[in-house]
Every structure is written in C-alpha cells, then in structure tokens.
Amino acid sequence: AGQAAAEGERYVLVSHAPDSDSWWNTIRNALALAGEQMGVEVEYRNPPTGDIADMARIIEQATASGPDGIITTLADFDVLSGPIRAAVDSGVDVIIMNSGTPEQAAEVGALMYVGQPEYDAGLAAGQRAARDGVTSFLCVNHVISNPVVAERCQGFADGLGVDLGDSMIDSGTDPSEIQNRVLAYLNANPDTDAILTLGPTSADPTILALESNGMAGDIYFGTFDLGDNIVQAIRDGVIEWGIDQQPFLQAYLPVVVLTNYHRYGVLPGNNINSGPGFITADGLELVEEFAGEFR
Amino acid sequence: MSDTATGDERVKEMSGFRKALIRPELGGIVGTVAVFTFFLLFAADSGMFNAQGIMNWSTVSAQFMIIAVGACMLMIAGEFDLSVGSMIGFAGMSIAIFSVTLGWPVWMAILTTFALCISIGALNGYIVIKTGLPSFIVTLAALFILRGFTIFFPQTIERRTIIGGIDDAAEGDWLAPIFGGEIGQPIFVWLADLGLIDVFERGNRAGEPVIDGIPMLIVWAIALVIFGHIVLTRTRFGNWIFAAGGDAQAARYVGVPVNRVKILMFMFTAFCATVFATCQVMEFGSAGADRGVLKEFEAIIAVVIGGALLTGGYGSVVGAALGALIFGVVQQGLFFAGVESSLFRVFLGVILLFAVILNTYIRRIITGER
Amino acid sequence: MSDTATGDERVKEMSGFRKALIRPELGGIVGTVAVFTFFLLFAADSGMFNAQGIMNWSTVSAQFMIIAVGACMLMIAGEFDLSVGSMIGFAGMSIAIFSVTLGWPVWMAILTTFALCISIGALNGYIVIKTGLPSFIVTLAALFILRGFTIFFPQTIERRTIIGGIDDAAEGDWLAPIFGGEIGQPIFVWLADLGLIDVFERGNRAGEPVIDGIPMLIVWAIALVIFGHIVLTRTRFGNWIFAAGGDAQAARYVGVPVNRVKILMFMFTAFCATVFATCQVMEFGSAGADRGVLKEFEAIIAVVIGGALLTGGYGSVVGAALGALIFGVVQQGLFFAGVESSLFRVFLGVILLFAVILNTYIRRIITGER
Amino acid sequence: MATGRAPIVEMKNIEKHFGSVIALNGVTVEVYPGECHCLLGDNGAGKSTFIKTMSGVHKPTRGEIFFEGKPMQFDDPRDAIAAGIATVYQDLAMIPLMSVSRNFFMGNEPLRRIGPIRLFDHDHANRVTMEEMKKMGINLRGPDQAVGTLSGGERQTVAIARAVHFGAKVLILDEPTSALGVRQTANVLATVDKVRKKGIAVVFITHNVRHAMAVGDRFTVLNRGTTLGTAQRGQITPEELQDMMAGGQELVALEGSLGGTV
Amino acid sequence: MATGRAPIVEMKNIEKHFGSVIALNGVTVEVYPGECHCLLGDNGAGKSTFIKTMSGVHKPTRGEIFFEGKPMQFDDPRDAIAAGIATVYQDLAMIPLMSVSRNFFMGNEPLRRIGPIRLFDHDHANRVTMEEMKKMGINLRGPDQAVGTLSGGERQTVAIARAVHFGAKVLILDEPTSALGVRQTANVLATVDKVRKKGIAVVFITHNVRHAMAVGDRFTVLNRGTTLGTAQRGQITPEELQDMMAGGQELVALEGSLGGTV
Ligand SMILES: Nc1ncnc2c1ncn2[C@@H]1O[C@H](COP(=O)(O)OP(=O)(O)OP(=O)(O)O)[C@@H](O)[C@H]1O
Ligand SMILES: Nc1ncnc2c1ncn2[C@@H]1O[C@H](COP(=O)(O)OP(=O)(O)OP(=O)(O)O)[C@@H](O)[C@H]1O
Ligand SMILES: [Mg+2]
Ligand SMILES: [Mg+2]
C-alpha cells in the first residue's frame, strides 16, 4: 500500500459479501477500471465469511490505514453506522454504495449514496409482476442468513400485495440442491405463478430446473443481477426480466466522484440510483458481451 | 480355557434371529425405513413419489453418495478429510480454467484436473503420515488453502469467480458425457408411452416424458458404492483398510503397508470429490468458487449415520450409501412436505444424533466393545 | 533402578537454556514474534501501528481470544465443540428476541440468554458423557440445530433474519455497558491532548480523540485469559482438567470427577461464546442469523496454533491467547499490507500447518512422547 | 493372624453383571488390617472386577460392603479414596502427558489459601513428590518431568508411592508385578511388606504363586466369578494353590522339563 | 544343541538410538533353528527394541543382520514376515473391532481368483481360523466374532497360532505370559515347546526365570542396552540367571520369607 500513484489518492471499497460471491466481481472490475482511469489507488475489502460484524472491523481497519475515501455498503445500519461515522469524523470521505438507503447514508454523514435500495427494487419488481397478472411466487434465496438479500423477496411480496409466508425457500448454494429444491417446491405447489431468484447462484440452476420439468418459458421468471446464463435465458424467453442494478456504476461512480471531489471540490448534488433497470429480451448486445464482468 | 466358548454358563445366549439382524448397516436400514415411512405418511400426495419426485431425491442422494463413499473408506482407514468441500470447488474451477480460459479440449482439462486433485489428496495423506498430525488439522489447513486458491485464481485470471461456457466447450467431447450425460432415454420414452410416467403438459417440451433419462451422476454413485463395497469386504486391500483404521501400529506389526493404505484412501477421497465436481460442472456448464461449501460435513454426516466409527476401523460403504440416501430424502422430503426450510438443519442435527446413538448400540453388540 | 535418573549414561543431557525455553507456549511466542516482525517490515507505514490500527487488530484478536479461551480449556479436557459459531449466532438472536421482540429489560434478556446458552452447553456435555459419543458428532449436531433455530425463530416471529434496535432498548440499562461499553476514556483524552493520538477532525465529535476508550470486549478477553490461566495452572480444578483430557479412565480411577469437569468445560465454552455474542450485540445494536459462522474453526485454529493438543490433556491458555493474537494480527495485517483478500485463507492454512508442526516438535521434547 | 481383630473391609455375596456377562456370582471376602490378602485366579476369573467394586469403580449388582464394620456404598472412586481405600490398577492410572508431581497429587491436590481463593500448592506438591520418589529409590530429573518419560517400573512405583502417601488404610494392587523386571519386582514386594507392617491392609492380585507366597498372609482363589475359598498362610502348599488357581482342572500335560515350573 | 548347525538369524553389533536415548549399544545374538532362545533383562534393558530390529519394525542405527547366512535389511515388518520371521508383540498386534478370522489373516490374506480379479477368500479364511483355533483348544462362537470379545489369554493364543500357521521359521514372543493365568501360561509354554520341536527357532522374552528355565535352550541377558553374554541350558543355575537379570547388582534386601522367591 505505498502512496506512489500518480495523484496519490487512495480509496478503499468495503463490501459485505463473502469471498466467493461472484456478483461482486463486476464491482471489483469496475473499481479497478476506475482506479486506472482516474489514476488513483483502489483496494477491495470484504469479510471472508460474509459476517457483517467482521465487516465493521474492516471499516475500522480501513479508517486506521488513513485513505482519502471509503466506499462501503450499508448492509446493516445498526452494525455499520458506528464505524462509518467514526471514519467520517476522522476526516475520511465516505460514499455508501449498493445496500442501505439514501436516508441512512445521510445519517451516517456520507457524501452520497450510489445504488439500488434492495427493498425498493424488490417492490418495483413485484409491482411489475402484479401488472403482468402474477398472484403467487417462489423466492429462491441462496443466502438465507443474509438479511440484505432477503429484503428483495419481502419487497417483491409487498409489490404483489401478498404475504411472503412460505414463498421464500432456503436453497443453499449447491447448484444441484438448488435445482432439486426448486423442482420439489414446484412439484408440491404446482400452481405457483412466478419465480424470483436473487442472483446468478440461484438463477442458473433454476433455469435448468425449469428446463427439466418443462415449465421453462411457461412460468413467470424474474431475477436479480446478471450473468452469462441469465442473459442467455432472457434471450431464450425463459426469464422475463433481469433486474440490473448496474454494479459497474456502483463501484465506478464513487471513485470518479471522490477523485473529482478531492481534486477539484466538485460533488453531484444528489444521490445516484444505479437501478433498478429491467433488462428484457430487447437490447441485449452489450449486456451479453460483458455479463458477469462489467454488467 | 475360554470364557466365551459356546456353552459358557456365564454368558446368556443371543437368539439367532437377533444375531442375523445385527450388522453394521442395521442403523442405516432402520433409518431408511423410518424416513420412507414418515414421508409416505406425510408427503405422499405432494408428488414426492411420482417419477419426477423420485428422480429428484435420487439425484440429491446420489450426490451425497459419491462423496460419502470416499469419506467412508477414508474414515474406516482411520482418518478424515475436511477438505472435500474445498476440493469440489477447486476441481470444478480447475476444469473451467483449463477448458474455458486456456482453451484446452475438455477431456484433457478433466484428466488433468483428476491428476491434480488426486495429487493434492496424496499430499494431504503424505503430510498426515509424515508428521503424525491429526488429519483434522492437516485437512483443515487444506480446506482453507484450496478454497483460497479457488477464489484467487479465477479472480486473478478471469476477473470473476463463476466461469461459464463449459457446456459449449464440451460439445462433442468424448469424455464429458461420461460425467454430464444421461442414459436409458429410450426406456423412459417407452414408459411414458405406456402411461407409467407422466409427460410434460405445457412448455416447450410438451409431450416428452418428464424424465429424460438417468443422469450419469446416479450411475457414478451406484458404481462407486459397488466398487467401494467390494473392495472393502471382498479384497485383501479391504482388510488392510480396516486394519489400518482399527490399530495402525498393530497393522504395521503384521506387515500391512499402513502408510500406503492411508495415502491411497486420501487419494480415493480426492477422486470422489473430483467426480462430484466434474459431474456438477458438466451438468451445469459452469464452475463457481463457492461450490462445495460444507460438503465435507455432509459427507461425514452421511458416513456416520451409515454406522461408521469416527475413530476408524469400523463401518460399511453400504451403510454410508444408506446414510446419503437418508440425508437426501430428508432434505428433499421436507421441501415436498412443505416444512419451513430453515428447520431442515434442526432435523438434520436431530437425525444425526439419533442415528449415532442407535449405531453405537449396534456396534457394541457386534464387537463386544465396552 | 531408574533409566532416566540424572547421570544416566544412556541419555544425552539437554542444555539448561534449551530447557528453560521449552514451554507449551513457545510455539505461540515464536509465532507472535515472527508475525509482528513481518508486519513491522512490510506494513509499518500503512497505519497498522498507529493508535487506531492497534485498536483495530487488538479488538479483532480480543474477539478470537474470548472464544479461544473456552475452546482451549475444553480441548485440554479432551473434548471439543463445533457449535461455538452457531452458539454465537443463537445467543445474539436470543438477546434480540427477548429484549426487542418481547420487550424485556435488556439485563433480563442478557441473563436469560446466559442461562439458556450455558444450559445448552451443559446438555452438549451431558450427551457426550452419557452416550460416550465423540464430541465431534454431538456438537456437529448442535451446530446444525442451533443455526436452524437461529434462522427459524426470527423468521417466524419477526419475518426477517436480522433484528436491530437493541441499542435503543439498552439505553440506561445497568448490565449492557459491561458488555458494550468502554473504559479508560480519560486516558485517551489525555493522550490526545498530548498529541499522542489523533482527534476527530469534523462531525459532532470533532476534537474528541479517535479512540474513545478500551472496549469491554478487550477487557473481557484479558479477564478470561487471566482467569483461564489461573484456573488451569494454579488450581485443583485445573489439574482435573488436564487429567480428564489426558486419560479420562485413569483420572476416574483416582477419584477425579471427570464427568463434572467435562460438562463444566462445555458450559464454560458456551459461556465464552455468549460473552462474545453479547459484546457484539451490545456494540452493534443488532443480531443477525449469520453471526458467528465458522467461528468454531477459528477458535480451534487459535487454540491449536497456541500449542494445545487436539486430543486433549495438553495445552495452555496463554498459548491459545497468543494463537488468537496471531490470528487477529495476520487477518487484519494482510488488509493493512494490501494483500489480495482471497489469499487470507491460504496464509491461514499455511500458518496453521507450520504452527502445529513446530508445536508437535516442542511437545515431544517436553513430554517424551513418541 | 487375622483372628481377634475386626476386618476393615467385608465384601458379602458380591455379584456383578455386565449386560449378558456375569462377571461375579456371589463372592465373599474379608480383609483385616495389617494383612496381605492375595487374590488369585485364572484370566477372566473376575479379580479385577471384584477389586473395582471394592474401590467404587463398579457398583455391585447385588451384595453388601462393610467398611470398618459399617455398611458402605461407594458411588464413585472418590468415595472409596476418601474412606481410605487406595488402588493401583492393572491398567495404570497415570497420565503420560502430565508431570510426575501433578500425577502424584491427581485427585488429592494440596491447596494453599490466598484470601478466599484456594490455589494448588505447587511448591508443596513438588517437594513431597521428590521426597517420596527418593524414598522409593527413584531419582527424578525434576518434579515437572512428564510421566510419559518414565519406564514402566518407575510408573508402577509412582502409583504405589502415591497410594501409600495418601494414608490409605487399604491398599489394593492389581497385578503390579506382571510387567516388571526382577529388580523392580523385588522392590514392589518389599514395598508391600513395608506397607503391611505399618498396619495397612493390602489386597494383592497376582498370577505368580511365588510372589503370592512371598508376601501373602491369606489367599483367596476366584474361579469363574465365584470363590473357591480362603486359605491361611502355612495351611496350603504352593502346589495346592497352583492347582486351585488353574480352576481345579488338570493342567495341560507338559513333557519333562516343563512340569511344575509355572 | 546349537553347535554344528548354521544360525538362522545372526544379529551383529546392533545399535539403536531414539533421539537422545541410546536403547541398544552393540548387541550380538545368534539364533539357531529348533532352539528356544530366551532374552532376559531388566525393564528398559532394550529387549523389545532388540526384537523389533529383528522383525523389521525399527531399522538399527548401526550393525548387521544375517538371515540364513545372507546379509539382510528389513525396511518394513512385511519384509521380515516374508522372510519367515513372525512376531507376537508385547503390545498385542490384534485389532479388537475386527473379526477373529480377519485378524488371523491380516497381512496374509488368502486370495481367490475370479477371472482377472483376486478376492479375499473368506470361506477359506473362516475354515482355517476355526480349525487352527480348535487345535489350540479355543472354541470360537464363530469366525466372525470380534477379537474385542476375546479374553487376553485367548487373544495371545490367536496371535501365536497365526504366527505358527504362516510357516514362520523364526517365532519371536515378547513377554507372552506376563498377563496370563496359570493355565494359560502352561498352554503357551507347551505351545512354545511344540513349535520348537518342529524345527522353528523361538525367541522368547520373559521376566520370569522359571518360565525361561522351563522352555529355554539358551539364555541371553541384556542390561542397559548391552549384552551380558549368552549361556547354554545346564551351564547356569536359576539363581545365577536371576542375578544377571537384575543387572548384576545386589537385589534390594528383603526380609525372611521374601528371599529367593521372585
Ligand atoms: N466392563 C465390562 N463389560 C463387560 N464385561 C466385562 C467388563 N469388565 C469385565 N468383564 C468380563 O468379566 C469377566 C471378569 O473380568 P476381570 O477383568 O475381572 O478378570 P480378571 O480376573 O481380572 O482377569 P485377568 O487376570 O485377565 O486380569 C471377564 O469375562 C470379562 O470379559
Ligand atoms: N520409540 C522410542 N522412542 C524413544 N525411546 C524409546 C523408544 N522405544 C523404546 N525406547 C527406550 O529404549 C529403552 C529400551 O526400551 P525397551 O522397550 O526395548 O525395553 P524392554 O527391555 O523391552 O523393557 P520391558 O521389560 O519393560 O518391556 C527404554 O529406555 C525406552 O524408554
Ligand atoms: Mg485383571
Ligand atoms: Mg518390552
């Protein structure tokens, strides 16, 4: 961590995701790209097991290492607000990305919020599905113990105006188990209208599950976040829409904003909502090319 | 001269029936019967026992079986391997990197991965043997190291931790179908024609039977169980496995090559993990850095439910396979029965406890252990 | 009559210096020195050794220490507990449910949780003692059962897996500050006045020192280490712990109440896990269902790095504390040094292996084990 | 030698079953202070089981135990030890990883008060251990030497020294000489003799008739869980004892040189 | 009895060090076919270590081994067993959880060919085990009875029967009688006698002079890792042997009844 970069600014991005969460690769790639383009030094940090209490320590650590700015998620306001406030107070500029809400970001003293409030995204998706005539759904949650992601299901249920109840299953992360649990659920609840998956980890096996039980293209299927197989499935008509919260922007913009703020004192006046953007079969070219890498 | 000779007045006789019943697999058999009875009573109308439902829990059980066979034989040989889960992730990622990133033919990627993973298994075994450390520690270290690399390599090379596109690469490959294919399709078409199994009613495959064929995963599971069972009970090497786990020193004294046996079992466990990973990668077409997390525990649990002794020297592959079946059926059955899915872990823990208590009782009767 | 008597011509003498050096903690001491040297060389200018940085890795190490003390004493007593991580999640959730959902006063929620968790620890111990099963299996079952309930209860009651607002509930509570508070604030103000530590530059705490005080977490860690060390080396009960783990049968023969010792150690481990959870909940104000995942391994690793023997009867609390320190410093230090975070696991695995090999060597010298 | 005095331990009609195995089937034995009572018998006759009921390890399935005339029930080895029955088991009760002095005082740790807390008095323990071991003719490297580094004979000696030191009224020795060399055996027998002279009752289990004859005052022979009776020293010849120990059956015929040597 | 014939095993100047412990310091012993060679000595004299170098468990630090006149190096117990050296260890090489027949054939599994594959011939193993155990006078419940359910004496017999069955040319017994009762001991001694008469060389370790005198043809006494020499049967009295075994030092003085009985 030398301070040898062209202009010398150093920014640390702290996420709440465990090491292996593939969605965050886009973030890392965008972060690296922004660092390169702006000529600043960037670092990516995350708690290896996804434990948010460990994440608080990482924010404290980042603060101690004296960066110019910290970009962090606000996965659990109670846990993270203290360390983030301490960072702000000790002179580090903070931008909240991804999780949390604009109000919470303001409350901890962050410069701004860039992201897609999870609940709101779920709600928007639910409202859209309700318009398409959906009345019951299955939410495939591959990280049951992560409360942030579960907000999406809650929002979706509220958007539909139904009770979440038993609609959310704990699918585990093993693809074969996810596939078979989805099959089991659909078998036991054949009148399910829609499926909501919360990311590529649960979407990919669900696509296979639907292909194997013949419901592909038949059942209303929406997902969060993008990946190779999701894009292909959207093209094939298996998936209705994918909610793209554009992780690229969530990492890229804060670096750009912070750099410009530190160099020229300019700062956008508003928060930036990077999502929800609904990706459908139309206009998939670029999405397809960069899915999982920059999209 | 003998206290235990037939007709000893100091030992009450055991009935012949009871004796015939008492086998290492008994716990597994009882458990399997109990589990099936339970779900037949409470989830019979949920589709759990129609063709699709059966295929569903069979596939999940087959997965567990593949790793349970390896874990079982290793456990009987007196060691265990916590790195199975990480090895699964590592093997899948290795195939993906070789075939997709480096563009090797898929068969070469698969064979290289097998060679690589089996060597890592051998290294685990070698360290355990040479340092005399408990395998818990050595393989715990391997768990962390392998998982670390599984995340590090794709991230550094491909800038992502899920690598897809393996199915495209595998198109036309001669080796890939052995792991990812299906067999017996005509049988199912015929069964569907007879009306014995359902056909799809809607969607783009309407009219086709709901089951394509038997996935190779299941074939592998059955083959490995049979192989493991024969090796263990019918061969010289099997006797050595029991001996190495029962008392390594005693086995060494009478000339059993204990070190070789143990290292080979570590390699076999790695082999099973790699089979698991390869089937998964070939079926799903992608490899992720988080594949296989906690699978080491699931393998150990299946083996222990199946009656093996954690400390080695006792157990049966058939038992482990039944353990895997119980595990798979309970897991999927709870979904069919509509039980709140977070309670699955609670059930798992409870079943584990009951199974080992039952097994301990059976084992004491068989071996006269005190 | 004695082969090992002083002056035995068949034993080469060991130098006095070497003998003084050889203690169970030696591995931990060597490791600590090595780790600090390493980071002083490679991360000295990263802020790792300024006030905030020191507080950062101290806090993380203190966390590990709290659970390591329990795990260490239990391991010396010959058992271990894989349910520590789940217990942490469970305890936190229990406090949250009692205080937030049910609206009990926080002190009552905390005390009830302690009672509950210690009872669960006692139950673990009781099952291990009564059934004679390996603690690996019993506590593995507990791992699943507790984690299942930790997810199930809040989801059923509150429809989410994270419960916040505990800090509001704890406002003015007499017990909460003992876990979530800080001490020594005046010292830091004074240090800041002297310019020895930084002050906040802005916000509503501008002018205050960047470090408020020493979190109770660290106080608890130090207190538990001292308590554990004294109990283990200075009391009758400590001798019983060693005896129970060294050879339970032998200890029973001479009248050591082995069952009581083991159950108490399970309870103490549960106590430590609950302290950990309570400190965390009081500091952060919320409890989540995923808290504590994998902490059981981290505790065991710290203990083993600190020189304890996985099979019981040998080890030291000070060693375990040093193991926790190494663990914490390496984990945070790698961040400070800017190492790719996925490599953390790789480092951890490698350090674990080296540490146990070193410790095994030291132990053989001390105990004449073969 | 025992008449006129009251027995210190009386075991009456002791039965012990392990599941389907009947290990003891009504055994009655009395032990007097100052005598060395030898317990003899075949492998599996139930000797170890019998003394384990005496020392509280097993609870008898049926039968009564009187200690110093009063009926006693030992729930736990602790109770027996507290009452004054010390036992050196066949499977040695020593913990190899622990130091000699910790082993010596295991279960009887000396305490030192510091205010309200009572700590293990290591200095006292170390001093006593060194002294006691020296008395037995063993020079330790130091009191913190691990028991694992001692030879089998040395460990046996530590175990006996420990039992004697804690003021046992009854000392039970289960085959203490079986793995010992000639010198070590002589040493143990001499110790038994010394202990007996102090008025302590010794129960001594052995397969070796000569060792039994050397130190025994009375001999009880067990066979398949029952007693074949108790004989006084001088009332029985080694040959008769030998025959009884073999369970009253003819010995396997051995040619020439072998006869009568075992 | 040994002269004129070539020794089957010659151990020359064997040294064995364990780290800082010198367990053997140059021991030379010859074993002839058909003799029973007794190895005697104090606890820790190095007897077990010595026979372990003979049977391939330990590699000697220095020294040479000749087997049937040819220099031999055993890297592994397998090699020694293949050459015809079978050993019954002090710490019994039996696996309690395994069945008697699996234990009996452990390391020597009989194979049955089915096409290209060779399977463990369980029928053969079971039959042979039952027969051999019956010859030794032990009636098993069945060949699949676990060894853990046998008594110590029975296990000892299985171990010896196994060694003899596999056509050993040299049979090494490490303190086989130490934990045995009178009858069992007589049985083992009779077996040794029988085996010796078949022309097999027997190396017999014991602490009991009488057992040694009963079956031994020659006696080698070890003391602190070196040999005090080898004596022929008839050239030495039990008392001299006793003295040598105690390491040539005076025995601890025992009063009256104890003298000369151990
Ligand atoms: N815990 C136990 N469970 C079941 N059976 C037991 C147990 N302990 C002893 N036995 C059986 O009880 C009988 C008597 O055993 P015990 O150990 O008392 O014999 P012993 O006279 O001491 O023999 P040895 O001379 O070989 O030491 C044996 O048949 C033994 O197998
Ligand atoms: N693996 C080993 N490592 C270190 N020292 C050893 C080892 N094995 C034996 N020794 C030491 O070597 C010496 C000889 O031991 P050995 O077991 O050969 O004696 P022994 O004559 O068989 O005694 P006993 O009559 O008690 O069986 C002893 O001092 C012992 O402590
Ligand atoms: Mg006995
Ligand atoms: Mg020996």
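The values are calculated or read from the model by the stated rules, or taken from the named source; none is laboratory data. None of the values given here were measured: they were computed from a predicted structure. Positions of Cβ are generated from backbone atoms using ideal geometry, with glycine treated the same way; all protein chains shown enter the neighbour counts. To get the accessible areas, we keep the full protein, side chains included, count just its heavy atoms, and leave off ligands, DNA and RNA. Shrake-Rupley method; radii C 1.70, N 1.55, O 1.52, S 1.80 Å.
Any residue at all in the stretch D:82-93 that is within 10 Å of ligand 1 (Cβ to nearest atom) and among the acidic types (Asp, Glu)? Looking through the stretch D:82-93, at least one residue is within 10 Å of ligand 1 (Cβ to nearest atom) and among the acidic types (Asp, Glu). Within the stretch B:241-250, restricting attention to residues that are open to solvent by 10 Å² or more (accessible area, probe 1.4 Å) and at the interface with chain E (Cβ under 8 Å from one of its Cβ atoms), the residue that is farthest from B:Leu309 (Cα to Cα) is B:Gln249. Listed by first and then second residue, the pairs with beta-carbon distance under 6 Å, at least 6 apart or on different chains, first residue in the stretch C:226-237 and at the interface with chain D (Cβ under 8 Å from one of its Cβ atoms), second not hydrophobic (A, V, I, L, M, F, W, C), are C:Arg236/D:Glu109.
Selection over the stretch E:201-217 of residues that are modelled with pLDDT of 90 or more and open to solvent by 10 Å² or more (accessible area, probe 1.4 Å) gives a count of 1. B:Arg363 satisfies every condition listed in (1) within 14 Å of the chain's Cα centre (by Cα); (2) within 14 Å of chain E (Cβ to nearest Cβ) except (1).
Note on the stretch B:76-116: residues that are farther than 17 Å from B:Ile162 by Cβ, open to solvent by 30 Å² or more (accessible area, probe 1.4 Å) and β-branched (Val, Ile, Thr) total 1.
Name the residue that is least open to solvent (accessible area, probe 1.4 Å), counting only residues in the stretch D:161-170 that are hydrophobic (A, V, I, L, M, F, W, C) and within 10 Å of another protein chain (Cβ to nearest Cβ). The selected residue is D:Ala163.
So, in the stretch B:56-70, exactly how many residues are open to solvent by less than 10 Å² (accessible area, probe 1.4 Å) and within 8 Å of the chain's Cα centre (by Cα)? Of the residues in the stretch B:56-70, 8 are open to solvent by less than 10 Å² (accessible area, probe 1.4 Å) and within 8 Å of the chain's Cα centre (by Cα). Among the residues of the stretch C:95-111, those identified as free of Cβ contacts under 8 Å to residues at least 60 places away in the same chain and aromatic (Phe, Trp, Tyr) are C:Phe98, C:Trp104.
Screening C:Leu358, C:Leu322 for residues that are more than 9 Å from every other protein chain (Cβ to nearest Cβ), surrounded by fewer than 22 Cβ atoms within 10 Å (Cβ to Cβ) and touching a residue at least 60 places away in the same chain (Cβ under 8 Å) leaves exactly one candidate, C:Leu358. One residue stands out among those in the stretch D:142-160 that are more than 16 Å from ligand 1 (Cβ to nearest atom) and within 12 Å of the chain's Cα centre (by Cα): the one that is surrounded by the most Cβ atoms within 10 Å (Cβ to Cβ), which is D:Ala159.
No other residue among B:Ala287, B:Ala337 is more than 14 Å from chain C (Cβ to nearest Cβ), over 21 Å from B:Val35 (Cα atoms) and either surrounded by 24 or more Cβ atoms within 10 Å (Cβ to Cβ) or touching a residue at least 40 places away in the same chain (Cβ under 8 Å) (or both) apart from B:Ala287. Note on the stretch C:266-284: residues that are modelled with pLDDT of 95 or more and open to solvent by 10 Å² or more (accessible area, probe 1.4 Å) total 3. How about the stretch C:300-319: which of its residues are in a helix (DSSP H, G or I), more than 14 Å from chain A (Cβ to nearest Cβ) and among the hydrophobic types (A, V, I, L, M, F, W, C)? Answer for the stretch C:300-319, where residues must be in a helix (DSSP H, G or I), more than 14 Å from chain A (Cβ to nearest Cβ) and among the hydrophobic types (A, V, I, L, M, F, W, C): C:Ile300, C:Ala302, C:Val303, C:Val304, C:Ile305, C:Val317, C:Val318.
In this structure, B:Phe49 qualifies as among the hydrophobic types (A, V, I, L, M, F, W, C), within 11 Å of chain A (Cβ to nearest Cβ) and over 18 Å from B:Thr278 (Cα atoms). Tallying residues that are open to solvent by 10 Å² or more (accessible area, probe 1.4 Å) and not in a helix (DSSP H, G or I) within the stretch C:251-265 yields 2.
Candidates B:Phe114, B:Phe153: the one that is over 25 Å from the mean Cα position of the chain (by Cα) and in contact (Cβ under 8 Å) with a residue 24 or more places away in the chain is B:Phe153. Within the stretch E:171-191, being surrounded by fewer than 24 Cβ atoms within 10 Å (Cβ to Cβ), away from ligand 1 (no atom under 16 Å from the Cβ) and within 12 Å of the chain's Cα centre (by Cα) holds for one residue alone: E:Asp174.
Checking B:Thr274, B:Thr269 one by one, the residue that is assigned to a helix (DSSP H, G or I), away from chain A (no Cβ under 14 Å), under 14 Å from B:Ile118 (Cβ atoms) and touching a Ser or Thr at 6+ places or on another chain (Cβ under 7 Å) is B:Thr274 and no other. Scan the stretch B:144-154 and give yes if some residue there is among the small types (Gly, Ala, Ser), within 12 Å of another protein chain (Cβ to nearest Cβ) and under 30 Å from B:Ala169 (Cα atoms), otherwise no. Yes, some residue in the stretch B:144-154 is among the small types (Gly, Ala, Ser), within 12 Å of another protein chain (Cβ to nearest Cβ) and under 30 Å from B:Ala169 (Cα atoms).
Looking only at residues in the stretch E:111-141 that are without any contact (Cβ under 8 Å) to a residue 24 or more places away in the chain and open to solvent by less than 10 Å² (accessible area, probe 1.4 Å), the one that is farthest from ligand 2 (Cβ to nearest atom) is E:Phe120. Counting only residues that are modelled with pLDDT under 85, in contact with a strand residue (DSSP E or B) (Cβ under 8 Å, 6 or more places away or on another chain) and either in a helix (DSSP H, G or I) or of a type in the set (S, T, N, Q) (or both), the stretch D:87-109 holds 1 of them. For the stretch E:115-225, the strands (runs of 3 or more DSSP E) that sit wholly inside it and include 2 or more residues that are within 12 Å of E:Cys36 (Cα to Cα) are E:170-174, E:201-205, E:218-223. The single condition among (1) open to solvent by 30 Å² or more (accessible area, probe 1.4 Å); (2) under 14 Å from the mean Cα position of the chain (by Cα); (3) closer than 21 Å to E:Leu97 by Cα that B:Gly306 does not meet is (1).
Within this structure, B:Ser46 fails the test of being on the phi < 0 side of the Ramachandran plot and surrounded by fewer than 19 Cβ atoms within 10 Å (Cβ to Cβ). Might you check whether a residue that is under 17 Å from C:Ala51 (Cα atoms) and in contact (Cβ under 8 Å) with a residue 24 or more places away in the chain occurs anywhere in the stretch C:164-183? There is at least one residue in the stretch C:164-183 that is under 17 Å from C:Ala51 (Cα atoms) and in contact (Cβ under 8 Å) with a residue 24 or more places away in the chain.
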